[in-house]
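Nothing in this text is a laboratory measurement; each read-out follows from the coordinates by a stated rule. Here the structure is a predicted model, which is why all the values come from computation and not from measurement. Glycine also receives a Cβ, built like all others from the backbone with ideal geometry; neighbour counts cover every protein chain displayed.
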Amino acid sequence: MEPAAGAGDARSLAALLVLTLATTVATRAAVRGCGDCPAERHLHRAEARASAVVALASYDGRRARLALETVGAREERRVARLRRPRSPRLAIPWRDAVAALRTPGRVVEGGVLAGAGTVLGLLEAERPVAVLVAILVAYLGATRMAWPLRAELDLSARARILLRPRLGRVLLGHALVPVVVTTSAAVLAAAGCAVAGALPAHPAAAALLAVAVVPMLCLCAGMSARREGRLPPSLLVTAAVADPSGGAGFLSAWLAFWPVTAATLGAVPIILMANGTAAGAAGWTAIATAVLAYLLGRD
């Protein structure tokens, strides 16, 4: 800033002195901090930013995230150790539980979003738009819990070489911890609504259905992660040739496919329950969950 035009000499001089003092303090702080921030760190950040920009230019969001994570990695904190399971089948869930203990913030975010979506879905079960929003909120909670699965797919060759089970079974094992965390949050949210007397008609069935929908959303999040954040080359070619918008429509549809699928699959049983069709809602949820588990478990 600069002294106001037309002000008196005294005010102009005072403003100039304040500006000079602030500049001196900021310059001294910057010079003193230079020794604690090596130039190599800025070089790594610049290289990571350039790699991320190149990845985004080719619609490869996963590679962009990996490039940025290389410079944003923090030192691991000491956390409580979990005893290794005796059964090899529990190795994948054990790894996910250890990762959850090391990054509790993501677990809290996933649980809060899943609980908030459950509460909104129960309170506004008769409003389809509110139900769709509730399902999307819970789906975001499931995606926050799916980072170990995404990390596994970032280096899929490592999973195929170092892990004995087939890749589909490994991915299905990664869904266990997200299902447990988000379902537990949904149970607590439904219990809170029951205590407050805010459940819709058929309260017991509505609460059970709201909780049963959450594992289905976790499987949708896992299916979204299976795409590895990369647009298929065939989709890019088709979008460039057939899309009048220059590919924006195809890209938007590709990005929104699994969120929209999750919202549709999760909203239908809740709407059926609100209309008094409990058996149809339960059957829909069971079939959709089984089909998604089968798709996630394929190689």
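For the stretch 97-112, just list the computed ³J(HN,Hα) in residue order, Karplus coefficients 6.51, -1.76 and 1.60, θ = phi - 60°, integers in Hz, with x standing in for Gly and Pro.
3J(HN,Hα) across the stretch 97-112, in whole Hz: 5, 5, 4, 5, 5, 7, 10, x, x, 5, 5, 5, 4, x, x, 5.
Determine, from the Cβ-Cβ distance of His202 and Ala256 and an R0 of 35 Å, the FRET efficiency 1/(1 + (r/R0)^6), rounded to the nearest 0.05.
So the FRET efficiency works out to roughly 0.65.
So what are the ³J(HN,Hα) numbers for the stretch 123-131, from phi and the Karplus equation (6.51, -1.76, 1.60; θ = phi - 60°), rounded to whole Hz, Gly and Pro as x?
6, 10, 5, 8, 10, x, 5, 5, 5
Once you put a point 7 Å from the Cα of Leu123 and another 7 Å from the Cα of Thr103, both along the Cβ direction, what distance in nm separates them?
3.0 nm
At what distance in nm do the modelled label points of Leu13 and Arg83 sit from each other, each positioned 7 Å from its Cα along Cα→Cβ?
8.0 nm
Starting from the Cα of Asp299, step 7 Å along the direction of its Cβ; do the same at Arg45; then give the gap between the two resulting points in nm.
Distance between the two pseudo-spin positions: 4.5 nm.
Report ³J(HN,Hα) in whole Hz for each residue of the stretch 168-181, in order, from the Karplus equation J = 6.51 cos²θ - 1.76 cosθ + 1.60 where θ = phi - 60°; Gly and Pro get x.
x, 5, 5, 5, 5, x, 5, 7, 5, 5, x, 5, 5, 5
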